[in-house]
Each structure stands twice: as C-alpha cells, then as structure tokens.
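Throughout, read-outs are computed from the coordinates displayed, never taken from laboratory work. Please read these numbers as outputs of a predicted model, since none were measured by experiment. Heads up, the Cβs are rebuilt from the backbone with ideal geometry, glycines too, and the neighbour counts pull from every protein chain shown.
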Amino acid sequence: MKKPGFVLSGKCRIGDVGEKTPLVDCHGKPLFVGDIVATFTKEHELGVCYFSGLTAVVSDKWTSYSDGTHKQKQGDIDYFVMGIKGVDFMQEDSLWQVQKVKSFEDVVSGENWKEFGFNYV
C-alpha cells in the first residue's frame, strides 16, 4: 500500500504526513502531522468527558488556491489539531483533551475520513 504524502481538507493541503510537531497527546505520546486523534472535553469538577470527534494533526505550512496550486509558507510553521487550532490542549488544566488513535504510519494514500473533514493523498 502506498504511503500518503499530504493530509488534505477537501482540496486544501493542510500538512506533510509524518512531519514532527512539538505537540503531545494526553498520555504524553508525540504527535506528528497526519496522526488521527480523538478530541474530547473534560468537566474537571465532575470528571465527565464528552467525545467531540476524530480529527487530524495538521499545520499551516501550505496555502492552497482555487486553481489547485499550493504555496509553502515562509517563516515559522504552526502545528495544531484541526478544529481546535487556538486551544492549548497540552496545559494540565485544559478543558480540551486530545488522544492519538491512529499513527500517520498506519494511514494509506486515498484514505478518506469525509465525516470528519480530512483525507490523505
């Protein structure tokens, strides 16, 4: 099976699969672009968790254009979990939690998670 090179949201390139990030999940596992993660919120007082869905670890390395071209960003790259970009989920008291459920090493080119908005090529 062919390994993917990019993770996409529709036709927008949102990362190079396998690129190392400074992010870790709730168990301290390192996260890479293309990893599939579960997101959930946790009510600290009650200890109740609410599953929010599956998504992918991505970056802002690329800008995609309507003509199908992609341009690499100049400068620092921001790595984040798609759907919760502005959330610092690695803080100990964060309401949001992220857990790796599938490594980028296990995804294949053509894999499509349309219910969650991402796919691999």
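Structure notes:
- Note on the chain: GNM, Cα springs under 10 Å; of 57, 108, 98, the largest mean-square fluctuation is that of 108.
- Loop-located trypsin sites (Lys or Arg not before Pro) across the stretch 59-121 with a Cβ neighbour count of 13 or fewer within 10 Å are 73, 85, 114, with loop assigned by DSSP.
- Per residue convex hull volume, Cα atoms of the chain, in Å³: 106
- GNM result for the chain, Cα springs below 10 Å: residue of 49, 12, 26 fluctuating most strongly: 49
- The stretch 1-75: GluC sites (Glu not before Pro) falling in loop per DSSP and having at most 15 other Cβ within 10 Å: 45
- Across 3/85; 20/102; 29/73; 42/100; 61/85, pairs whose alpha-carbon gap is larger than 21 Å: 3/85; 29/73
- Rounded to the nearest whole Hz, the Karplus-based 3J(HN,Hα) values (6.51 cos²θ - 1.76 cosθ + 1.60, θ = phi - 60°) of the stretch 79-95 follow the sequence 9, 7, 9, 4, x, 9, 3, x, 9, 8, 6, 8, 5, 4, 9, 5, 5, with x at glycine and proline.
- Inter-label distance for residue 113 and residue 20, nm, one decimal - labels placed 7 Å from Cα along Cα-to-Cβ: 2.3
- Charged-residue dipole, Cβ positions (Lys, Arg, Asp, Glu), the chain about Cα centre, Debye nearest 20: 560
- Alpha-carbon centroid distance for the pair the stretch 56-121 / the stretch 1-45, whole angstrom: 5
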